[in-house]
Amino acid sequence: MGRSLTLLVAVAVLLSCCAAGVAADIFVATNGNDTTGNGSISSPYATLTKAASVAAAGDTIQVRAGAYVQHLYWDAGGDGAAGAYITIQAYDGDLTASFVGESGASNTIDLESRHYIKVIGLDVAGTQNQGYYCIKASLCQYIEIKRCKIHDSGNGDAINPLVQKMCRLH
């Protein structure tokens, strides 16, 4: 009896430790809500900013199809890790989610001191006031940009030169 109880407790502890490290899908949708949403597919967030604030290493921010007028200034919160990137990707297929930064934003996606981030399959345009970059990264490492359409920046460079040198573009 004692041995069975010990084994049961050991298995329960192991499962609880493993469950804490499971990567999550965090959903963003045009009909989402940052206040009442929980990031699930049935109750998504409205903004990348909210999703990024709760993302942890290994998580995927799944962006539902639609046109988003918003920007992401990501300077705090979780980072990815080697082998456990935080991924922002179009959920419904490449280029089905399009972003343009709202008026007043300098950049549409602005990564500050982020590490191990992937951006996959998004359509990213410059800001409405034709700001600087569609995607900017400062003090970042291990950023991957794949299968994205990046266009219409205000200064002629859709991606800041640092991203072009420091990131893996596909």
Reachable aspartates and glutamates, given that their alpha-carbon falls under 19 Å from the alpha-carbon of LYS149 and they are not under 8 places away in the same chain: ASP92, ASP94, GLU102, ASP110, ASP123, ASP157
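How much length is gained on full extension from ILE41 to ARG147, taking 0.36 nm per residue of separation minus their Cα-Cα distance? Present the calculation step by step, with values, prior to reporting the outcome.
Details: separation 106, 0.36 × 106 = 38.16 nm, distance 2.31 nm.
Gain in length upon complete extension: 35.8 nm.
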Sorted largest first, extent of the stretch 64-105 alpha carbons per principal axis (Å): 33, 28, 10
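Sum up the charges of everything whose Cβ sits under 12 Å from the Cβ of ALA76, counting Lys and Arg as +1 and Asp and Glu as -1, but leave ALA76 out. Show your work: numbers first, answer last.
Working: positive: ARG114; negative: ASP75, ASP79, GLU112.
Once positives and negatives cancel, what remains is -2.
Each value in this text was obtained by applying a stated rule to the coordinates, not by laboratory testing. Keep in mind that this is a model prediction, so the values were computed, not measured. A quick note on method: Cβ atoms are made from the backbone with ideal geometry, for glycine too, and the neighbour counts reach across all protein chains shown.
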